[in-house]
Every structure is written in structure tokens, then in C-alpha cells.
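Here the structure comes first, spelled out in C-alpha cells, and everything after it is commentary.
Just so you know, all these numbers are worked out from the coordinates, no wet-lab data involved. All values reported here derive from a predicted model rather than from experimental measurement. Ideal geometry is used to build each Cβ from the backbone, glycine not excepted, and the neighbour counts take in all protein chains shown.
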Amino acid sequence: MTESAKSARPVIALAMGDPAGISPELTARIIALDDVKAAAHLVVIGDRRILDEGAKAAGLTLDLEPATLETFQQASGERHVFIDLGHLDPADVTRGEATLAGGTFATTNFRTALQLADEGKAQAVCFTPFNKKAMRYAYPGYDDEIRFVADVIGFSGKVREFNVLEKVWNARVTSHIPLKDVAAALSVEAILAEIELTATCLRNAGYDDPKIAVAGLNPHAGDGGSFGMEEIDIIEPAVAAAKARGFNVEGPFPADTVFLRALKDGFQAVMTMYHDQGQIAMKLMGFDKGVTMMGGLPFPLCTPAHGTAYDIAGKGIADVGASREALLLAARMAKKAAALSTAA
Ligand SMILES: NC(=O)C1=CN([C@@H]2O[C@H](COP(=O)(O)OP(=O)(O)OC[C@H]3O[C@@H](n4cnc5c(N)ncnc54)[C@H](O)[C@@H]3O)[C@@H](O)[C@H]2O)C=CC1
Ligand SMILES: NCC(=O)COP(=O)(O)O
């Protein structure tokens, strides 16, 4: 890519996701978006035959620059780049089914994208949806993306998923664990660490003085200890400790109204205690725009908040809105990171 094109737009490595779902058509739709093109230079990693199937489903003809891992940095930047790993024949894809072949395809693409970012050859990574069952076939230790990323790039710092809508973010203290284990996983230290990471990620995304609302765990935030003690014993002390450290944080608020309060009172993020406490609200507020962002890594990592949608795969009706937001958020964060490192 030419120097002027490079400085204007971050390079985003886009890994094609699960081939049995909507990932191929979403990848094609992302490549065709003008605002994504204006915001980022994409290096798409996958198999051209799978992408072409997606383009066909989406009714698109794609104009991509073919390149290899060795040559893509010399690309002009006029067109997005496609790195064809040639590793999956469409004949081996069973649409709507989680398979080892699908998981191998997606983990290989993801690993390659992560390595590019780790080597500084891309400033951010995005992916179209993975299916966790398929990922586990290919990589048995695959609890979720966080564990995989940590394994691939050898990162041991704190990383967490955030769900992002323009109007509000959702951070969570626990994530992919059984609901029965949530209460035992809460501690003052865990909540404090999440607040700190959330504030940092919000600042990295351009919110200079982030304000965070913390949800309770129990109905009505425990109602003074009537329905559980976690608020009194853990969450309130964590919020007090965070305030003492200078964070703009309030709570615990009852979880059933905390998002209403956040929107009304201008909180940039709601911290929930477990996955679906936030996800239900976020997906109702903006399923077609929701982004999952892995915060705490050395580079932005974003994906749509929805999944592989096996039920509509190949029908050409998958909405690209959330993927578009994922790419645009990653581009914004990459530009902000570049500006901060230039200023330092
Ligand atoms: N970005 C990612 O990699 C994500 C992956 N997943 C994974 O996806 C798999 C399936 O997850 P589910 O819980 O079934 O949720 P899902 O989001 O795949 O599907 C839920 C419903 O939403 C619809 N839907 C999803 N995306 C859509 C789109 N772009 N346009 C139109 N309709 C859409 C589906 O057709 C389905 O009816 C799981 O393995 C899960 O872990 C889930 C969330 C995010
Ligand atoms: N692949 C990203 C992902 O699955 C996000 O999962 P979740 O945050 O919706 O559980």
C-alpha cells in the first residue's frame, strides 16, 4: 500500500468466520461497503471459493486485489486485499452444521489475522461470526475468542468482551461461565478490575471521561439484603473503592432498569454481573448494530454481536449492519491508538 493510503486508513485483518453460516455472505457485504472502504484498508483472509459463494448469495461481484502473506504489504491500497489460503473446498461445507472442517477454516483464518496484528502488519482484527462448537472441534481448548487469542499471541493481560452500541456499552464481570457459578465468581477485586478495564477501553474509543453504571446481581439489587447479599458484601464496596480511585462510577442499580437509567442519565457503559444480564438488553436495543469488542489486547478486535445464524445461511438475507459497525469501531480505535502513540 502507498504511504499516503497507509497513513489515512488503518489496515484491518478481516478473518472469514464459520463457512456453514452467514459469514461468507457477510464478508462479501462488508467488502462492498463504501463507508468501510473509506475508513479502513481490509486484508481479508479466507478461501476465495468460499467468499465467492457468499458473494453469490449476497448478489455481489467483488473487486479485490489478490495477494499473499508475503506480498500484501506492497498492495496499492486502492482495493481491499484478499489472501486466499486455499484451504476449504465449498464441496466440503455442510451449510447449517458445525463441523471440524468449518472450525479448521475459521481458526486458521483467525490465527493468521491475529499474527498479522501481533507483527504490526495490521492495526486491528475483525472477524465474521464463528461457531463455538465448530471452533472447539478444531481447537479443543476453545472456550471463547479470548482464550484463543491469548494462546495465539501469547498475551497474558486482562481481556474482556464488551458489547458496544453507539448509545451505550455493556461490560460484564463474568462471561462464558455457567449461570450457577456466577455469584461465586464475583469479588471486589474482579469488579474493580473490570471497571478499570472498561474505563480504559472507553477512553481508547474516544470517551474522555467515561461514566459507568454498575448493575446488581439479585432482583431489585437485593432489596437491602432481602434477596441476596452480593450487593452489600461485594458490589457496593467495589463501587466505593472504584470511586476512591477516581472512576466515575455509580451503583449497584437494579439490573432490570439499569439500562433505562444509563440512557436517561448519560452513562457510557453499564457493567453487568453476567452475560445475559446485559446481552438481552443490548440485543433488544440494537441487534442490527451491536458489536462485540475484545478489550485489553494490544490491538482492537471486533466482531458483530450476533452469531452464525445457521437458519438463514446462504439465503442472502443476512443483515450487514452489525458487521459494518464492528469494522467502523475497529477502524476508529486503531486510529485513536495511532494518534495516542504519535503523541506519546
Ligand atoms: N461474532 C461471533 O463470532 C458470534 C458468534 N456467536 C456464535 O454463533 C453461534 C449461534 O449463536 P445463536 O445464539 O444461535 O445466535 P445467532 O445470532 O446466530 O442467531 C439468533 C437469531 O438471530 C438471527 N440473526 C443473527 N444474525 C443475523 C443477521 N446478521 N441478519 C439477520 N438475522 C440474523 C438468526 O437467524 C437467528 O434467528 C453460537 O456458536 C455462538 O457462540 C454468537 C455471537 C457472536
Ligand atoms: N465470537 C464472538 C462471540 O461469540 C461473542 O460472544 P458473546 O459475547 O455474544 O457471548
Using Cα centres only, tell me the gap between the stretch 208-264 and the stretch 293-344 in whole Å. 28
Please label the shape of the stretch 138-215 as rounded, prolate or oblate, based on the square roots a ≥ b ≥ c of the eigenvalues of the alpha-carbon gyration tensor (a/c under 1.5 means rounded; beyond that, a/b larger than b/c means prolate, else oblate). oblate
Using a Förster distance of 22 Å, how high is the FRET efficiency between residue 78 and residue 35, based on the Cβ-Cβ distance and rounded to 0.05? 0.85
Dimensionless Rg ratio for the chain, taking C-alpha atoms and the 2.2 N^0.38 Å reference: 1.00
Identify which of 277, 123, 74 has the largest mean-square fluctuation in a Gaussian network model of the chain, with springs joining Cα atoms closer than 10 Å. 74
Counting each DSSP H run of 4 or more residues in the chain as -39500 (n - 2.57), what helix-only mean residue ellipticity at 222 nm follows after dividing by all residues, to the nearest 500 deg cm²/dmol? -12000 deg cm²/dmol
To the nearest whole percent, what portion of all C-alpha pairs in the stretch 83-133 is separated by more than 15 angstrom? 51
Within the under-13-Å Cβ sphere about residue 331, not counting residue 331, Lys/Arg +1 and Asp/Glu -1 give a net charge of +4
What fraction of the DSSP beta bridges in the chain is antiparallel, stated in percent and rounded to the nearest 5? 30
Prolate/oblate/rounded call for the stretch 3-156, Cα gyration tensor, a/c under 1.5 rounded: oblate
Low-density loop chymotrypsin sites (Phe, Trp or Tyr not before Pro), the stretch 262-334, at most 13 other Cβ within 10 Å, DSSP non-H/G/I/E/B, are none
Of 295, 234, 257, which is farthest towards the positive pole of the stretch 229-296's charge dipole, taken about the Cα centre with +1 and -1 on the beta-carbons of Lys, Arg and Asp, Glu respectively? 295
Take the chain, connect every pair of alpha-carbon atoms lying under 10 Å apart with a spring to form a Gaussian network, then pick out the residue of 201, 126, 302 with the largest mean-square fluctuation. 201
For the chain: relative contact order, % (alpha-carbon pairs under 8 angstrom, 6 or more apart): 22
